[in-house]
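Asker: My questions will all concern the structure given below.
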Amino acid sequence: MRARTIRELASLVGGEVDGDGSLEISGVSGLEAAQPGQLSFYGNQRYKAQLAATKASAVLVADGAPPRGSRTHVRVTNPHLAFARVAQVFHPKKAHPPGRSTEASIHPEAQVDATATVMAHAYVGKGATVAARAVLYPGAYVGDGARVGEDTVLSPNAAVMDRCVVGARCLLHAGAVIGADGFGFALDLSVPEHVKIPQAGIARVEDDVEVGACSCVDRATTGETVIGKGTKIDNLVQVGHNSVVGPLSILCAQAGLSGTTTLGQGVVLAGQVGVAGHLRIGDLAKVGAQAGVMHDVADGATVLGAPAMPHKDFLRAAAVFARLPELSKELRELKKRLEALEKERT
Amino acid sequence: MRARTIRELASLVGGEVDGDGSLEISGVSGLEAAQPGQLSFYGNQRYKAQLAATKASAVLVADGAPPRGSRTHVRVTNPHLAFARVAQVFHPKKAHPPGRSTEASIHPEAQVDATATVMAHAYVGKGATVAARAVLYPGAYVGDGARVGEDTVLSPNAAVMDRCVVGARCLLHAGAVIGADGFGFALDLSVPEHVKIPQAGIARVEDDVEVGACSCVDRATTGETVIGKGTKIDNLVQVGHNSVVGPLSILCAQAGLSGTTTLGQGVVLAGQVGVAGHLRIGDLAKVGAQAGVMHDVADGATVLGAPAMPHKDFLRAAAVFARLPELSKELRELKKRLEALEKERT
Amino acid sequence: MRARTIRELASLVGGEVDGDGSLEISGVSGLEAAQPGQLSFYGNQRYKAQLAATKASAVLVADGAPPRGSRTHVRVTNPHLAFARVAQVFHPKKAHPPGRSTEASIHPEAQVDATATVMAHAYVGKGATVAARAVLYPGAYVGDGARVGEDTVLSPNAAVMDRCVVGARCLLHAGAVIGADGFGFALDLSVPEHVKIPQAGIARVEDDVEVGACSCVDRATTGETVIGKGTKIDNLVQVGHNSVVGPLSILCAQAGLSGTTTLGQGVVLAGQVGVAGHLRIGDLAKVGAQAGVMHDVADGATVLGAPAMPHKDFLRAAAVFARLPELSKELRELKKRLEALEKERT
């Protein structure tokens, strides 16, 4: 990757150079790991010491950052975001030569765009479509009638099951599964057996979605399970059948959604969160790590705990929880002292 | 799929027609999504409004349902179960042409039934057997000496490791792993190193079991890890080595069993439950979502919380938990008032 | 496997024979399952009854074990460890004939040692190296520039992504993913979109590591995510980007590490533990099942609960938690009685 001047990079992110705009930058890194010739960013006062000590030649900063000293600063509104944009310049997406490996298996009735890349041991089923510039890594599976959008990447062993739809510019990481059967059974006690309810719907992943390694988005019983445009899903996440995840949401690792739950837009589920079925999590709601959500969550609310409650209430209650043995002891003592008083009185 | 008359469908599920038995039904759907020509079901008073508003031509109902109005009802004992049976009529299992893809890899000493389907990039090891009408999707793996029963389906990239056994009519979803090594090590401080305890046993999955996407059933150290007949396992579930899951159990997504734990029959583990090792969970026990089970659970018990306790006890305690800061404050006040009284007395 | 005399086996583990050293042993098993001709071990007084009843011909025991009766004992310092060593004798690692399947896909610029085994449908990318005696099972994926060390095994559908490094004698179970992108985005509200922060670093797995089925070790944003030498990771575990797991640690099933968290050496995370980002878990620290770690943990500490606290504190507090409704009631009663006293006084 060729070097860029600070001036070029500042212009890219709409920033203002404070220092030497002709400096050549050859890469990006965090404050601690950065080397001379690299650009870093400072987005949080917590890292003041690291800012002072960094070897980076230049740093993206917001208003209110410490004075730059001899280092070059680029002032931007959002240093983290500007860093992301600059990092993409130095680390562009991997290019893949278009074409089909002779070791891939593509059904004669599938439609694979000539600009798509289909690597060895990938599989495309009957009636499936793979759009322009899509990439299927080894072991990727596109089921019968499934659709993979433009520029979408299926990493090794990622699977899009029959008739499911993945939009454009999506990234499915290794082992991700889109459209496994929803988990639905009806108990027949007379046999006894759990009778399978056919999962006849699909899973639909909209544009610009990322689905983490070994994450699962189940197909709907009827209709669709939906992952909204621009939502990002981390590894080992479960999205149950008929759930609808709004656009621009963030689902961190090992979070799980039961069936028929709706997330608004811009929702954040932290790691290992569990959400019960048939709920609505409002727009911009935040659910803290390991929370267990049993009831609807209002727009903009931040909840925590299991069962989940307003974030601050949980923190206050949790602080008392740790003192429970002490409280219990105090209560016993008060009781004794009260009994003593009561006795005296008689 | 051809249409069926209400009369045919009612007969299939042992129901009684209340209305027009000659109506033609072409599919099934939930109350809200149903269209004219479709059959739906009403199994819970919560959905009374949806029943009133549905466009379905006919609805499966139980005794005590509201009067049918102009719509046709089919009275059955268990509407949900009847719905499952009817849905199977309209959504039969996908048929697979028997035969082996030339792109599959089958060991010459494997026994694959002529009616089985082995798709491209599937693998069958030495001495393995694949029974009649079994289906191996692309990337499915059947290890040396492993056995896959009749009509069992291995979805893309599902793996049955060496010598493990999967019964008849099972469905392993994409990425499911049967028989990875149990997690067993002995610490040798003198090196230091964690010395691997060979996992020489197997995992055995009995008939009619479903294992979700990316779920793992580990092989036993010696002997067998067992998933009992008719048990259904959701996605991302972990079953540790030497555990025995009784028949007809339900393990919801992201639940985890440590090693050497026994589940009775008809046990339900809700999502993200964790169960410690060397325990017994009794027949028909229910463990609520995210519970952490540290002790045996009695037959028929319902537990919740971490550590798990009787369900009602947990709900009561959790209700007080949210009020802990308030309780703590009250306690401090009582103490002051008591001290005041005590002072007066002296 | 040929039989061995007790004398041979005792010598192997540095033990002392108490009984018949010429006995022939043909295998190992737990106390309950053991048959005549087998060796078992007794490492915990909990299993005294099983020791008395075992059919094993000989048992590995520590000092202080009950007298041997007619059975042969082998006295060792650590019976569990000795059992592991003996079990490895009877269950050696599976041997694989070296060579490349014609159905594997190996880039012409990859370097695969002649003694390595590359099975059907495995893939090795451009510039990747696969060292001596390594084994790639069907569906295993080694990305461009990735490195797989000597004697390391990639089970079916395990993936080592571009440029990542796996050391010697490692075992990646089925579906394990080393080096999927870390989960990093910056929100651009002006679009709005989550802008991907390129994950330009790698994941590095040191020697003698085991990674469980469907477990994920994400690549770093810049620099390295590291799994230290001799660490063992169970199934469905998530290790976030830029985390560093010290040597000889144990991560049990479904545990999750957020990003940029450091584990010392010999750390144990029990099942379903969650650890927040940017923390340090000290050497030899133990984190109990389902704990949620929000703060640094000191060397040697044992913590439990969510938020995590010292293990004993949690157990004490949890014991009171179950009695909260009772405490709340007592508090109300005390209040009434106090009010009564206060009234009398006036």
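Asker: What does the charge count around B:A56 come to, taking other residues whose C-beta lies under 11 Å from its C-beta (Lys +1, Arg +1, Asp -1, Glu -1)? Kindly include the intermediate steps, with their values, before the conclusion.
Answerer: Values: positive: B:K55, B:R71; negative: B:E32.
My count for the surroundings of B:A56 gives +1.
Asker: When only C-alpha pairs under 8 Å and at least 6 residues apart count, what is the relative contact order of chain A, in percent? Intermediate results must be reported in sequence, preceding the final value.
Answerer: Working: 972 pairs, mean separation 21.5, N = 346.
With pairs under 8 Å counted, the relative contact order is 6 percent.
Asker: If you don't mind, there's one more thing I want to ask. Between C:A49 and A:D20, what is the spin-label point distance in nm, taking each point 7 Å from the Cα along the Cα→C-beta axis?
Answerer: Once both label points are built, they end up 7.9 nm from each other.
Asker: Determine the shielding of peptide B:280-292 by partner chains: average, over its residues, the number of Cβ atoms on other chains within 10 angstrom of each Cβ.
Answerer: Working: counts 0, 0, 0, 0, 0, 0, 0, 0, 3, 11, 14, 3, 7.
Per-residue shielding by partner chains comes out at 3.
Asker: Using the beta-carbon distance between A:H278 and C:E8 and R0 = 60 Å, what value does 1/(1 + (r/R0)^6) give for FRET efficiency, to the nearest 0.05? Let's see the in-between values first.
Answerer: Details: r = 63 Å, r/R0 = 1.05.
After rounding, the FRET efficiency stands at 0.40.
Asker: Select from chain A the helices, each a whole stretch of DSSP H, whose alpha-carbon atoms run 18 Å or more along the helix axis and whose Kyte-Doolittle mean is at least -0.5; answer none if there are none.
Answerer: Values: long enough: A:324-345 (31 Å, -1.27).
Long hydrophobic helices here: none detected.
Asker: Moving to a separate point now. Please compute the alpha carbon radius of gyration of the stretch B:86-126, then divide it by the globular-protein estimate 2.2 N^0.38 Å. Two decimals is fine.
Answerer: On the way: Rg = 13.6 Å, N = 41, 2.2 N^0.38 = 9.0 Å.
It is 1.50.
Asker: Arrange the peptides C:140-146, B:273-279 so that the one whose residues have, on average, the most other Cβ atoms within 10 Å appears first. Intermediate results must be reported in sequence, preceding the final value.
Answerer: Working: C:140-146: 25.9, B:273-279: 21.6.
Going from most to least packed, we get C:140-146, B:273-279.
Asker: Which whole number gives the average, over all residues in A:81-89, of C-beta atoms from other chains lying within 10 Å of the residue C-beta?
Answerer: Values: counts 9, 3, 4, 10, 4, 1, 10, 4, 1.
Going residue by residue through A:81-89 and averaging, the value is 5.
Asker: How do A:F41, B:F321 rank when sorted from fewest to most other Cβ atoms within 10 Å of their own Cβ? Each step should come with its number before you reach the end.
Answerer: Numbers: A:F41 30, B:F321 22.
The most exposed by this proxy come first: B:F321, A:F41.
Asker: Still on this structure, I have one more. Taking a point 7 Å out from Cα toward Cβ as the label site, list the nm distances between A:H107 and the same residue in every other copy, smallest first.
Answerer: Sorted ascending, the copy-to-copy spacings read 3.1, 3.1 nm.
Asker: Among the listed pairs A:K329/C:K335; B:K232/B:K312; B:K312/C:K335; A:K94/C:K229, which have their C-alpha atoms separated by more than 21 angstrom in this model? Let's see the in-between values first.
Answerer: Working: A:K329/C:K335 16 Å; B:K232/B:K312 26 Å; B:K312/C:K335 26 Å; A:K94/C:K229 31 Å.
Table pairs above 21 Å Cα-Cα are B:K232/B:K312; B:K312/C:K335; A:K94/C:K229.
Asker: To the nearest whole number, what is the average tally of beta carbon atoms from other chains within 10 Å of the beta carbons of peptide A:261-271? Write out the running numbers ahead of the final one.
Answerer: Numbers: counts 0, 0, 0, 0, 1, 4, 0, 0, 0, 3, 11.
Mean shielding by partner chains, rounded to a whole number: 2.
Asker: Out of all DSSP beta bridges in the stretch A:4-90, what portion is antiparallel? Express it as a percent rounded to 5.
Answerer: Details: 5 of 15 bridges.
Of those bridges, close to 35 percent are antiparallel.
Asker: What list do you get for A:L324, C:L39, A:L187 if you sort them by fewest beta carbons within 10 Å?
Answerer: On the way: A:L324 23, C:L39 28, A:L187 17.
Lowest to highest Cβ neighbour count: A:L187, A:L324, C:L39.
Asker: What FRET efficiency do you get for A:E32 and B:K335 if R0 is 60 Å and r is their Cβ-Cβ distance, rounded to the nearest 0.05? Could you put the intermediate results ahead of the total?
Answerer: Numbers: r = 50 Å, r/R0 = 0.83.
With a Förster radius of 60 Å, E is 0.75.
Asker: Suppose R0 equals 25 Å. What FRET efficiency, 1/(1 + (r/R0)^6) with r the Cβ-Cβ distance, do B:L315 and A:A298 give to the nearest 0.05?
Answerer: Details: r = 22 Å, r/R0 = 0.88.
That pair, B:L315 with A:A298, gives E of 0.70.
Asker: Then there is this: Taking a virtual spin label 7 Å from the Cα of B:Q88 along the C-beta vector, which residues in the stretch B:1-17 bring their backbone nitrogen under 18 Å of it?
Answerer: Backbone N within reach: B:2, B:4, B:8-15.
Asker: Would you mind giving the three semi-axes, in whole Å and largest first, of the ellipsoid equivalent to the stretch C:4-90 according to its Cα gyration tensor? Intermediate results must be reported in sequence, preceding the final value.
Answerer: Details: eigenvalues 53, 36, 31 Å².
Ellipsoid half-lengths, sorted descending, are 16, 13, 12 Å.
Asker: Would you please report the Å³ per residue occupied by the convex hull of the alpha carbon atoms in chain A?
Answerer: Working: hull volume 75.4 nm³, N = 346.
Here the figure is 218 Å³ per residue.
Asker: On to the next question. Using the 7 Å Cα-to-Cβ label point, sort the distances from B:P325 to its equivalents in the other copies shortest first and give them in nm to one decimal.
Answerer: 2.5, 2.5
Asker: Of all beta bridges DSSP finds with both residues in the protein assembly as shown, what is the antiparallel percent, to the nearest 5? Could you put the intermediate results ahead of the total?
Answerer: Working: 33 of 234 bridges.
The answer is about 15 percent antiparallel.
Asker: Counting only helical runs of four or more DSSP H residues, what would the 222 nm mean residue ellipticity of the protein assembly as shown come to if each run contributes -39,500 (n - 2.57) and the total is spread over all its residues?
Answerer: On the way: 15 runs with 174 residues, N = 1038.
For the protein assembly as shown, the value works out to -5000 deg cm²/dmol.
Asker: Using a Cα-Cα cut-off of under 26 Å, which lysines could be cross-linked to A:K48, ignoring same-chain neighbours fewer than 8 residues away?
Answerer: Straight-line reach from A:K48, under 26 Å: C:K196.
Asker: Based only on the alpha carbon positions, what is the Kirkwood hydrodynamic radius of the protein assembly as shown, in angstrom?
Answerer: Working: mean 1/r = 0.0327 Å⁻¹.
Evaluated over the protein assembly as shown, this radius sits at 30.6 Å.
Asker: Sticking with this structure for a sec: May I ask for the net charge around B:T102, where only other residues with Cβ less than 15 Å from the Cβ of B:T102 are counted and Lys, Arg are +1 while Asp, Glu are -1?
Answerer: Values: positive: B:R100; negative: A:E103, B:E103, C:E103.
My count for the surroundings of B:T102 gives -2.
Asker: Nearest 5 percent is fine: what portion of the DSSP beta bridges confined to chain A is antiparallel?
Answerer: Details: 11 of 78 bridges.
Counting DSSP beta bridges with both partners in chain A, the antiparallel share is about 15 percent.
Read-outs throughout are calculated quantities, based only on the coordinates presented, and are distinct from any laboratory measurement. Here the structure is a predicted model, which is why all the values come from computation and not from measurement. Reconstructed Cβ throughout: ideal geometry from the backbone, glycine too, with neighbour counts over all protein chains shown.
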